[in-house]
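Each value in this text was obtained by applying a stated rule to the coordinates, not by laboratory testing. On a predicted model such as this, the values are computed, not experimentally measured, just so you know. Counting neighbours? That spans all protein chains shown, and the Cβs are built from the backbone with ideal geometry, glycine included.
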Amino acid sequence: MSASSAFNDEKGGSSNVGEPEYGHDPASGGIFSSDYKRHDDLKEMLDSNKDSLKLEAMKRIVAMIARGKNASDLFPAVVKNVACKNIEVKKLVYVYLVRYAEEQQDLALLSISTFQRGLKDPNQLIRASALRVLSSIRVTIIVPIMMLAIKEAASDMSPYVRKTAAHAIPKLYSLDPEQKDCLIEVIEKLLADKTTLVAGSVVMAFEEVCPERIDLIHKNYRKLCNLLIDVEEWGQVVIINMLTRYARTQFLNPNMNESLLEEGGGEKAFYGSDNDDDTDDEEDKEEKEKKKTEATAIVKRKPYVMDPDHRLLLRNTKPLLQSRNAAVVMAVAQLYFHLAPKAEVGVIAKALVRLMRSHSEVQYVVLQNVATMSIKRRGMFEPYLKSFYIRSTDPTQIKVLKLEVLTNLANETNISTILREFQTYIKSNDKDFVAATIQAIGRCATNIGEVRDTCLNGLVQLLSNRDELVVAESVVVIKKLLQMQPEQHSDIIKHMAKLTDNIQVPMARASILWLIGEYCEHVPKIAPDVLRKMAKTFTNEEDIVKLQIINLAAKLYLTNSKQTKLLTQYVLNLAKYDQNYDIRDRARFIRQLIVPTDKSGALSKYAKKLFLALKPAPVLESPFKDRDHFQLGSLSHLLNAKAGGYQVLPDWPEAAPDPSVRNVEVKESVPEWTKCSSREKRKEKKADKPFYSDSEGESGPTESADSASDTASGSESGSGSEESGSGSESEESNEESESASEEDEEEEGKKKKKNVEKIKARKPVPESESEPSSGEDVKKSEKKSKPRIGSSESESEEDNDSESESSESEEEESEEESEEETKKKKKTTASKPPSKPPKKENKKEKKEMSLLDFDDFDPAPSPSQVTPLNNFLSSSLVTDLEGLSLTDNVLSPTTIIPSGNLKTYELLHRITGEGLSVEYCFSRQPFSPDPHMVAVKIQFTNSATSEAKSLHVEDAKLQSGMRIKEFPEIEVLPAGETVSVVMGIDFCDSTQAANFQLCTHTRKFFVSIQPPVGELMMPIFMTENEFKKEQEMLLQSLGQLMGMNEITEKLTLEEKCQGEHAVVQRVTTAANLSRVPCGSDKECSPPVPPPPFPIHRFAGKTVTSGSLVLVSVVTKEDGAAQLTVNCEKMVIGTMLVKDILQALTQ
Amino acid sequence: MINSLFLINPSGEMFLEKHWKSVVSRSVCDYFLEAKEKALEPEDVPPVIHTPHHYLISIYRDKLFFLSVIQTEVPPLFVIEFLHRVAEMIQDYFGECSETVVKDHMVMVYELLEEMLDNGFPLATESNVLKEMIRPPTILRSVVNTLTGTSNVGDTLLTGQLSTIPWRRAGVRYTNNEAYFDVVEEIDAILDQSGTTVFAEIQGVVEACVKLSGMPDLTLSFMNPRLLDDVSFHPCVRYKLWESERVLSFIPPDGNFTLMTYHVNAQNLVAIPVYVKQSISFFECGSDGRLDVTVGPKQTMGKTVEGVMVTVHLPKTILSINLTATQGSYTYDNGTKLLVWDIGKLNPQKLPNLRGSLSLQAGAPKPEENPSLNIDLKIQQLAISGLKVNRLDMFGEKYKPFKGVKYITKAGKFQVLTITASINKYT
């Protein structure tokens, strides 16, 4: 190639020199000849052997491009350097190529082979940059090459290359829209990618190429939600905007039933939702019925429940309101505005107000959006009223927008403050702004009846302003105001009539005259007098005033001809001889119309109707009204016009589409029979979504071959596993895609093998991800999230499935997430021994399909579930939870402390409770409806003489994040009886009190439950070795993890409690921990000399976030002891130390 | 997304252009220039302009217009935020963002832009990643470059994009490991003529300069984090930990960055460090007026107030002024009617005062508008909100870093309203 290109270059070069330079570029035209020379020497430099000369030349060329000068004639000389070894030269050549390739397509082709070579380079960065340049060269002829390159890169091992592939998709699409179908396939594939690096770019490609294919999102929805926080800022914006649109098509309007929403609200709706949503879509009527009856009155009372996926989106976007990037904040704000229940939208106000302190351009955009929002949701911004006060230093456009917001926010309570502000604004230098202020006052006056008169008076005073603009604006606004309440305005009209003596501004005079004429019947005495005065000065008036005088005269003649006949005649006569022909014409016309003569036609009969018709009052409303039909934050919203490529924000659907489309099969290696039900389900779905299966390279056979033994695919799990899902799909029903996918399949297989090899070489422990970078991702997620600590225990153990499960389930440590995790784990353990009786398994699997992984939370706990340890579900849950940390050792349930010595606290005293006394204790049993809640046993005793009815919880006032699962209502509590119920409270791992009302049929009592820190945890079981390992590992990795704190205290044990039993008892009483059996692992570790002093260890984890709590007590001689608490929650750690200290020393 | 970028100087010259998709003709900027002509101040140019075929989104920063050309729907803030990022990047690389700097480093700026956007979509905007690919110029390097003929393009291939932490590159080494944090607070306030606070709030920012080797994991905690009402973070800060424990836990980027910005709870009364006694009055008849301004310390927590400066936009009808300042000096620009009184340090014993007469244009009516005073000030070693850093812990690395925290309070948009009184000449 080099030889031919050199040849070509010589030829091309010489011919170029011979040709005159056409005037592409006016700038270079000026120094025509010298330019020539320079280009010549540039060519020489490019042809030389020295890299430094080439570099110098390229730099000068790029500088020319940057200045916008034409350097296209150098193309042949530059293009042959594309293969240059020097990376700096190469980069600049790339820059040049991208800029000029479109103009010189034939020559550009010479460079293609270099890029093709680059695409195969072992270095991922070279592959990526080759693809980047190749796709940026806008030469139609290479479309097939680009297509191939993109396809290949999309399944590259390196996520960076895949990201580049995602970027290349819209480039190719804009070059050749016919490639759309092929590109959609690539997008679909990349959408399934699990790395944060790719997510933003592929969604951007999706938005540019096929925004209408919302169905491609279903399977990736939850993954996108969970990845969101770790995607780079720009990707976040694009993803959030897309998800807003998605949610509008898939979920129900959360505000459709506002009154009900207010009591339901928030998290609670989430928990109640599973059942309801699913029943809606269940074909099986019987089952529907059954479930309906199961659901208690609570569900019936709330027809709307939020889809858990809807909630997931809202929850995962919320922290991004704290982003430093204004675009991200705006994106979240618009998402909340369009999607959140009314009660929750408020959270965005603070963030938006924060943006107002940013650059003025940011302010400009944000204010536009705030203006729109403040019309619909005024209450949201009311607390921030002062933030919208205008500063004299603000640019005019910002001032006007702030004024708009202030006007929208005005109501009865704040109007006086706002009007006072307005008064200062009126004195501003900036006349445009003053005019806008006057209009704003007018709008306030129309909206708020109370201040209408004050505003009117204020405006009337402005009529005497020196500035014409102010006066004109005021008069216009007054005119509008008066038209709105015609019955009261005679005073003001009288006042204005008086002003005619003083006001000289023609526009104002004209407006006043129009007003008097229009409402002359309301001021019958003054109007003729004004006309009299005007008649006197007629000849000296400005034209617009003269016209209005004629107008006034005509109207008065029609209503009060007795008094004004002569005056009118006089004025008309004056007008007849006016210099201005407009006025002459008008006079002639009016005379014909109003003065009945023989000649005057039929029109004069209707003169009164013509002149005194009721004119509609102008409507003063915000220009931002109804702008919210555009998606907020968009360019279209800002311009109030549809911009090219704008995707309309759809209306909420009447009924929610099938939510199960978002279900993602979690497992691949599950035995065949477990998949049956899901396949059937998928088939149904496919019927109405024909696109769905034209998918993925990975097809069934490969998968199953792999999955039987392959750790790589076996561990590829969770959200990623839709690959296998769609794979099996195509196997089932889409035979024709078989052939197409065959080659990909082959590749895939190869890659797989490579990956497996790599993994083997790299790590003895199978990692969940096969690609290096995703492996890194996992590491990152480990660093970021707390549950990692819990799950990382299992890392070294064989339970590789559960490990991959947990690593897949991403950074989120929100409760729900970890619930899901445990859920999945449960399934793992369930599906592991495939030879077990399939019946039970089947049932479980089925349940899972229908309940979206959330089958643990039964929205309506039946009373029998209240005692959790008795029923199967929760006991299995306990085992599962414990299974998190358990490996081969047997669990010892005997270490659960007896519940006999539970401390009870008083919730309601007999006297304050009017005979009803309530006590509570922390039962220390897992709360079955939600494992992240602390179970609180409440005991009601009715010592009154009459029975208490309908005991229930109401109106919980909780700190943010806290949740309550109330106990089922107790219908009757006869006198003298006692009854116990269990409720669950998620304290969010804090000792803040949960406040709520306890209601009987007659009274309401405010009560609060404050947990001792020891009750915020639950015991977990581990061996001594594990304990040490855990302790050590967490201490070592302090830096990467959140900093598992260690707190150590020295203490002296009280005499009575120096025995081992006493210590254990006191510690377990103070905190809900389990003892770590000591010496149990002597067999497996080399014999250790017995420790000089006995160490008692206790382990547990916090209920909400599952952070480990490790306590050890070393007793020494003479009752001296040392207490160590390891807990990553500093607050919990410190409080726990205090509590245990107290327990041990007293 | 972003199609093209033009850098335009205040006189309307387009001195740099970069296209990411097909080339858009320069003439598209005419719509912008037209709008710029109409606007009185550069800030008044609308940020978004709609032309028949394109949308122009621009920012004005450091006396330069960054104008981007858009063809399809895109969130405007996305573009605006990106343009600011470009300006910050230029500032970061070359020490300042100005026309001369860009013209001097044309090729490098062009290359930076090439890396920052791919097909109009942001690719690498983190300074640490960019610096891996294109090294910022230093004097030493430019000497070496001229001698050896190499340029600033990184000759090792980047690794930053591939590290798990996009904002930090691997393998950072320092001999002196240090981490400094500046807590800078600005008071935004409007005081009325009687000195009562109409509106006051505190905006704070924690600027960090972290030069630590390896992959340090820092935890910064405050004594009184409850003060903070609203916060925004650099992406490196772990949200969840802030939510649960009110500590800032992060793996820092290398070098200077803004760790967080915050807003102090509006319910807390804001201490106003200075008071201003002022009167600007005009005689009812005649064309004279009087100005009298005194500044004194109010709630300063025992610290000295420095760098005090009073700026007044006097009414347009003022012809000339004749003032004397007991401390500092004043300048007056008769064209813009801008009076700047640079006081310097505030001495509580001897309060600075500026007084004298104003003369109006003959026959001009008494000015109606009330000029407002803009106050500028600085207090070292004090965060006016009372925010205090408790401690900084480092995990993940063995060495002991130097740590330091500095507090500064400044005036943000600090305005004092006035009332122009009219006084009867004969009383």
What translational D, rounded to a whole number of µm²/s, comes out for region A:1091-1146 from Stokes-Einstein when the hydrodynamic radius is the Kirkwood one over Cα pairs, at 10 °C and 1.306 mPa s?
132 µm²/s
Relative contact order, percent, of region A:376-486 when contacts are C-alpha pairs under 8 Å separated by at least 6 residues?
21 percent
Counting other beta carbons within 10 Å of each Cβ, put A:V400, A:V143 in order, fewest first.
A:V143, A:V400
Determine, for A:I550, A:I590, the number of other Cβ atoms within 10 Å of each Cβ, and report the residues in order from fewest to most.
A:I590, A:I550
Mean projection of the alpha-carbon convex hull of chain B over all orientations, in nm²?
26.4 nm²
So how do A:K1004, A:K194, A:K318 line up by other beta-carbon neighbours within 10 Å, fewest first?
A:K1004, A:K318, A:K194
I'd like to compare A:328-336, A:101-109, A:945-953, A:924-932: which one has the highest average count of other Cβ atoms within 10 Å, and what's the full order after that?
A:328-336, A:924-932, A:101-109, A:945-953
For region B:318-427, what Kirkwood radius comes out of the mean inverse Cα-Cα distance, in Å?
18.7 Å
Chain B: relative contact order from alpha carbon pairs under 8 Å, six or more residues apart, as a whole percent, is 15 percent
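How many percent of the alpha carbon pairs in region A:105-218 exceed a separation of 19 Å?
40 percent
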Residues of A:353-364, mean number of Cβ from any other protein chain within 10 Å of their own Cβ, rounded to a whole number?
6
Any number yet on Rg/Rh for region A:429-583, C-alpha, Kirkwood?
0.99
Dividing the alpha-carbon radius of gyration of region A:134-195 by 2.2 N^0.38 Å (N being the number of residues), what value is obtained?
1.02
For region A:557-663, listing chymotrypsin sites (Phe, Trp or Tyr not before Pro) in a DSSP loop whose Cβ sees at most 13 other Cβ atoms within 10 Å gives A:Y577
Residue (of B:M89, B:P76, B:A39) at the positive-pole extreme of region B:6-104, dipole from beta-carbon charges:
B:P76
Per GNM of chain B with C-alpha springs under 10 angstrom, the most fluctuating residue out of B:P225, B:P46, B:P297 is B:P46
Pairs from A:K1028/A:K1116; A:K318/B:K410; B:K303/B:K403 whose Cα-Cα separation, in the structure shown, is over 30 Å:
A:K318/B:K410
Grab the eigenvalues of the alpha-carbon gyration tensor for region A:507-620, scale each by 5, take roots, and send me the semi-axes largest first in whole angstrom.
19, 18, 14
